[in-house]
Amino acid sequence: MRKVLVMMGDGINSENELALAFSRQGAEVRKIHVNELMKSPKILLNYQILAIPGGFSFGDEIRSGKILAEKMREILSDVLLKFKINDGRIIGICNGFQVLAQLGAFNEGERSFTLLENSHGKFMDKWVKMRISEGNTSPWFENLSGSIYLPVRHKEGRVISKNQDAFHPALIYETDVNGSFEKIAGITDKTGNILGLMPHPEVACFSFLHPFNQGAEENAQKINKIFFNGLS
């Protein structure tokens, strides 16, 4: 069972929900403040999953996820490389996805895409139906297929890319909700170990939280399976 390190502090939120999502699947989870991790980067090597929650890291100054990404590039680059070589996995949700995009985490340090303001210019806060990409072989989605409902809450979640082969789509919106390239809601890198997504599965692990009754339990099971798979 993989051990999980969840980042927190400096505008990050949902760290408690993300930590709970993993711990409910049997993981040993530690929440760590950004400053502590930056001070002692090698702590990461004691874990097998790095989880970056949503929120507004460093107030989204300059642009969403930019400052935290630059701090990680400056201080954690060498450790992150060792972490990934050792089969380490990373999940970035919402702002965490924006951080990974700014970091170039999906294409060996090169930014192959970006996340911009939704095409309608509004903050989205609703449940959205999407499908799990059939062509993605990521361990996060092993034995998962079909549709899944997840809550989204973002203003800058529109994937913009000129290179369709630069990453691997993982989650696809059923309808065009924000102008995202190919209706992409989440992606993985070529290894499948790094997952970035705009929806928030960590806040939807219990069926009673769903705004619908029919199919809620099955949907919650799919959501929990993502976290279980990540630990396998």
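The values are calculated or read from the model by the stated rules, or taken from the named source; none is laboratory data. On a predicted model such as this, the values are computed, not experimentally measured, just so you know. In this analysis, Cβ positions are derived from the backbone assuming ideal geometry, glycine residues included, and neighbour counts consider all displayed protein chains.
Hey, could you check segment 1-19 for residues that are farther than 21 Å from Asp87 by Cβ and in a loop (DSSP other than H, G, I, E, B) and say which is modelled with the lowest pLDDT?
In this case the residue turns out to be Asp10.
Do any strands (runs of 3 or more DSSP E) entirely within segment 157-232 hold 3 or more residues that are without any contact (Cβ under 8 Å) to a residue 60 or more places away in the chain and out of contact with any Leu (no Cβ under 7 Å at 6 or more places or on another chain), and if so, which? Let's see the steps before the verdict.
Details: elements: 158-160, 168-173, 184-188, 194-197.
By residue number, 168-173.
From Phe22, Phe83, which residue is assigned to a helix (DSSP H, G or I), more than 17 Å from Gly104 (Cα to Cα) and of a type in the set (A, V, I, L, M, F, W, C)? Full working, then the answer.
Working: Phe83 fails: more than 17 Å from Gly104 (Cα to Cα).
Result: Phe22 is the single residue among Phe22, Phe83 that is assigned to a helix (DSSP H, G or I), more than 17 Å from Gly104 (Cα to Cα) and of a type in the set (A, V, I, L, M, F, W, C).
Looking only at segment 162-176, decide whether some residue is over 15 Å from Ser133 (Cβ atoms), within 18 Å of the chain's Cα centre (by Cα) and polar (S, T, N, Q).
Within segment 162-176 (the criterion being over 15 Å from Ser133 (Cβ atoms), within 18 Å of the chain's Cα centre (by Cα) and polar (S, T, N, Q)), the answer is no, since none of the residues qualifies.
Tell me which of these Ser145 doesn't satisfy, since it passes every other one: (1) more than 15 Å from Ile194 (Cα to Cα); (2) small (Gly, Ala, Ser); (3) crowded, with 17+ Cβ neighbours inside 10 Å; (4) at pLDDT 90 or above.
(3)
Any residue at all in segment 69-81 that's in contact with a helix residue (DSSP H, G or I) (Cβ under 8 Å, 6 or more places away or on another chain), surrounded by 21 or more Cβ atoms within 10 Å (Cβ to Cβ), in contact (Cβ under 8 Å) with a residue 24 or more places away in the chain and closer than 21 Å to Asn16 by Cβ?
Within segment 69-81, not a single residue is in contact with a helix residue (DSSP H, G or I) (Cβ under 8 Å, 6 or more places away or on another chain), surrounded by 21 or more Cβ atoms within 10 Å (Cβ to Cβ), in contact (Cβ under 8 Å) with a residue 24 or more places away in the chain and closer than 21 Å to Asn16 by Cβ.
Would you tally the residues in segment 86-118 being of a type in the set (Gly, Ala, Ser) and either outside any loop (DSSP other than H, G, I, E, B) or modelled with pLDDT of 95 or more (or both)?
We begin by selecting, within segment 86-118, every residue of a type in the set (Gly, Ala, Ser); these are 88, 92, 96, 101, 104-105, 109, 112.
Still in the running and either outside any loop (DSSP other than H, G, I, E, B) or modelled with pLDDT of 95 or more (or both): 88, 92, 96, 101.
Number satisfying all stated conditions: 4.
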